[in-house]
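The values are calculated or read from the model by the stated rules, or taken from the named source; none is laboratory data. Quick caveat, the model's predicted, so the values are computed rather than measured. Cβ coordinates were reconstructed from backbone atoms using ideal geometry, including for glycine residues, and neighbour counts include every protein chain displayed.
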Amino acid sequence: MLSGYWESVITFAGINVLMGLSLYVPMSAGLISLGQAGFMAIGAYLSAYLTKLGVPFPLAMAAGALAAGIVGLIVGAPALRIRGIYIMILTLGFGEIVRVFFLNFTPTGGALGYSGIQPLTEFYWVLTACAIALVAVWRLRHSRMGRAMIAIHEDDLAAEAMGINLMTVKLFAFSFGAVIAGVAGAFYAHQTLYIDAQQFDFARSATTFLYVVLGGPANPLGPVLGAVLVTILPETLRVVQDWRMTFFGGLLVIAAIWRPDGLLKPLHSYR
Amino acid sequence: MLLQQLVNGLMLGSTYALVAIGYALIFGVLRLLHLAHGEVFMVGAFAGLMVSIWLSVGPLGALIGGLVVAALLGMLLELIAFRPIRHRGGNYLAPIVSSVGAGLVIQEIMTKLFGAEQISFPKQFESVVYQLGPIQVSDTQLFIMGIAFTTMFALHVFVTYTRLGTAMRAASENIEVASILGINVNTVVLLSFGIASGLGGIAGVLVGMNFSSISPFMGTDMATKGFAVMLIGGLGSIYGAMAGGLILGIVEVLSVAYLASSYRDAFVFLLMILILLLRPRGLFSAGIEPGR
C-alpha cells in the first residue's frame, strides 16, 4: 500500500490533472483562460457547503460542477466579442472577482476561511475522475463538436464560413472546461478540509496554464504530463530543500526554451 | 471631499500607470504577456530601500537605485528567458511559461534575502501637509505625483523625438518590417525591456514611499492590476496605459470612499470587463491585433 504522504501527493496530482484538462478543452477552441481557479473555487465552496448540510458527496460535487458550468456560460459569453490576449485578461479579471467575492462572503467563512469540511476525497476516486475526464476529452476530438473546436482554433472566420456556430461551440468549450474545474474544486475542498479565498488566487490559475503549455497544448496527454510534473517535481526537489522553487522556476525556463511548443507534440504528428 | 479623493486617486493611479506602461512597451514590441514584471517592480522597491539605507542618498537616490537595478534585471530576463525562445521560433505561449519560471526564481531569492514579512520603508520626507484650497497634499504625495508625471513626460519625449524611440515605435508597429528597414531589432527589444523594467522599478520605490512598507509578494497584486490597466487603455498603447492607470486609481479610491472597501479589487476588474464589452480594443487602441 501507498504511504499517506504519497497518497496525498497523488491526490493533489490528480486534482491538478483535472485542472489541466479543464483548461485544455477551451484552449483547443482557441480560448485561453487565466481564471480557471475561479471555477475551481465555485465547485469547492458550493460542494463543501452542501456536504456540511448532509448532502451526499457525489451529489454535492455534481451541484458544484453544474454551478461552475453555468458561470462558465456567463463568462464565456463576452468571449464571443473579444479574442486572444483579451480573453486571457478578461478571465484573469473573472478569477479575481470570484476570489474577492469569497473573501467577503460570510456564509462560507469570508476572510476567516471555511473549515470543518469532511474528509470525503478518496484518491482512487480522484484517479477515476481523471480517467473519465481524459477519455471524455480524448473522444471529444473525434466528435462533431470536437472537430468544430479544432476548426475554430485554426481559423474562426473560416470555421464560421463553413457553417460552424461559433457561439454554441465556444460556450460549450468554456463551460465544459468549467465543469471539470468544478469537479476538481470539490475534490480539493474535501481533501484539504479547509479552504480560503487565497487558495484560489491568480497564482493557481497561472499554474493551471503552466500545466497545459508546459505539457503540450495540442495533445490531451499534454496537460496530464504537465500537471503531474509540476506537482511531483517540487516534491522530489525537496533534496534541494529551501531552494526548490528556484530550481523549479529554472527548470520551467529551460523547458520553455528547449521545447517551446510543449513537451508532447500535437497528436497528429505522431501518426 | 470628492476633489480630495480625486487627488488621492491620481496619485495611486500614477504608480499603476508606470507599471502598465512597462507592460505596454513589452507587449508592443513582442506581443508578450510578461508575467514576471510584477517581480521586477518588487525588486526595484527593494533596491530603492537598500540604496537609501546603505548610502543614505535621499529619495532621488533611492529612485535611481530602483530604476537601475530593475532595468538591469529586466534586460537580464530578456537575455536569459525570452531571447532564446524567440530565436528558436517558439510558440507564442512559451515565453509566458518562462516568465512564470523567472518570476518564481526572483520571488524565492528575494524571500531568502529579506524574509517573507513586510519590511518598513524608511520615511523620506518630513510629512508636511500642504493645504491647497479644499484639498490636502503631503510632501510625499507631491513627490510621487511629480516623479510619476515627469517620468511619463520624459518617456513621451523619448519615443516621439529620438531615433531610438522612433525605432521602438516602428518595431511595435511591425517587428519584421522594422528589421528589414535596418533597425537592429534585438537592441530595440533589449532597450524596451530596460525602459519598461526601469519604469517598474521607479513605481516600486514610489509605492514603497507611499505605503511605507514593502514585501517580496507586493508584485503579484500590482501585476494583475497592471494587466487590467493595459487592457483598459488599449493593448500596447503607452498613452492608453497612462490614462488607464489614472482611471483605475481614481475608480479604486472612489469605490473605497463611497462603496464597499473590501470589494475594491472586484470593482477594478468589473470596470475592466465592462470597458472590454463596450470597447473590445480598450479606450485608446494602438491598432494591435490581439492574436488568437
> In the list B:F41, B:F46, B:F27, which residue meets the criterion of being in contact with a Gly (Cβ under 8 Å, 6 or more places away or on another chain), touching a residue at least 12 places away in the same chain (Cβ under 8 Å) and facing another protein chain (nearest Cβ under 9 Å)?
Replying inline: B:F27
> What are the residues in region A:55-90 that are modelled with pLDDT of 90 or more and not aliphatic (A, V, I, L, M), if any?
Replying inline: A:P56, A:F57, A:P58, A:G64, A:G69, A:G72
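Can you give me the number of residues within region B:88-110 that are assigned to a helix (DSSP H, G or I) and within 9 Å of chain A (Cβ to nearest Cβ)? Write out each step before concluding.
Restricting attention to region B:88-110, the residues satisfying the condition of being assigned to a helix (DSSP H, G or I) are B:94-110.
When the remaining residues are screened for being within 9 Å of chain A (Cβ to nearest Cβ), the result is B:94-109.
Adding up the residues that qualify gives 16.
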> (1) surrounded by 13 or more Cβ atoms within 10 Å (Cβ to Cβ); (2) free of Cβ contacts under 8 Å to residues at least 40 places away in the same chain; (3) part of a helix (DSSP H, G or I): which one isn't true of A:I164, the others all being true?
Replying inline: (3)
> Only one of A:T128, A:T108, A:T91, A:T168 is among the polar types (S, T, N, Q) and within 13 Å of chain B (Cβ to nearest Cβ); which?
Replying inline: A:T91
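Quick one: how many residues across region A:171-198 are of a type in the set (S, T, N, Q) and within 14 Å of another protein chain (Cβ to nearest Cβ)?
Here the count works out to 1.
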>> Given the criteria farther than 30 Å from B:I26 by Cα, touching a helix residue (DSSP H, G or I) at 6+ places or on another chain (Cβ under 8 Å) and not hydroxyl-bearing (S, T, Y), does A:A37 qualify?
In response: no
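Is there a residue in region A:256-268 that is hydrophobic (A, V, I, L, M, F, W, C), within 14 Å of chain B (Cβ to nearest Cβ), under 27 Å from A:I87 (Cα atoms) and surrounded by fewer than 19 Cβ atoms within 10 Å (Cβ to Cβ)?
The answer is yes; a qualifying residue exists.
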>> Residue pairs, Cβ under 8 Å, 6 or more apart or interchain, first in region A:183-199 and more than 16 Å from A:V55 (Cβ to Cβ), second part of a strand (DSSP E or B). List them.
In response: A:Y188/A:I195; A:Y194/A:Y114; A:I195/A:Y114; A:D196/A:Y114
